[in-house]
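> Structure provided below as structure tokens; questions to follow.
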Amino acid sequence: MLLPLMATGDQIDSLYSIFILDLCFIMPGFLILSFLAYRNHRTGLLLLPALQVLGFTLIFSLAVGELVKPLFGAAPDGAALLQALALSALFLVLATVHLAKLRTVWTPGKRLPGRKPGETHPAESQHTQTPPASTQPPHGQPSQTGRRPQSRPSH
């Protein structure tokens with residue numbers, strides 16, 4: 001529906017173009033991020049509050065539109081105003097609660113709550129640090145990680 005209009009340069013009523021944008025970009029974004037958040041994927045958990053804030057701003061603008069209708073000679077619709085306010089409030093509360101509960105998974109130098117000393121997390125093993133120079137084995141001997149240190153050119 002949208003591609004033929006774009007090819008000919010025609011424009012339909014602006015109301016429908018907003019619905020098309022919502023259905024093409026916003027709704028798939030909500031679905032993808034909701035699925036990722038449900039699966040506890042970091043990307044979904046991090047980006048879902050941003051999409052909830054976007055939902056709040058989009059729907060709150062509908063409520064504001066209902067409030068300014070009398071300025072343009074149109075009658076406001078009370079049911080539409082209440083629905084837009086309720087849904088925008090829901091998005092705002094969800095985003096606020098989600099952001100309040102969002103926490104980092106791992107802080108360098110600190111142990112995660114509920115983790116036993118010495119127990120490692122997969123994210124921690126990816127960010128291994130080189131031990132201080134005083135604890136490094138002599139040149140040519142394997143280190144504690146099982147890898148040989150890189151040879152350095154002598155000057």
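The values are calculated or read from the model by the stated rules, or taken from the named source; none is laboratory data. Fair warning: this is a prediction, and the values are worked out from it, not measured in the lab. Every residue, glycine among them, receives a Cβ derived from its backbone with ideal geometry; neighbour counts consider all protein chains shown. All accessible areas refer to the heavy atoms of the entire protein, side chains included, with ligands and DNA or RNA removed. Shrake-Rupley method; radii C 1.70, N 1.55, O 1.52, S 1.80 Å.
> Which residue out of 71, 46 is open to solvent by 60 Å² or more (accessible area, probe 1.4 Å), farther than 24 Å from residue 97 by Cβ, without any contact (Cβ under 8 Å) to a residue 60 or more places away in the chain and of a type in the set (A, V, I, L, M)?
After ruling out the rest, the residue left standing is 71.
> Mind checking which residues of region 61-80 are under 21 Å from residue 91 (Cβ atoms) and small (Gly, Ala, Ser)?
Hits for region 61-80 are 61, 63, 65, 78, 79, 80.
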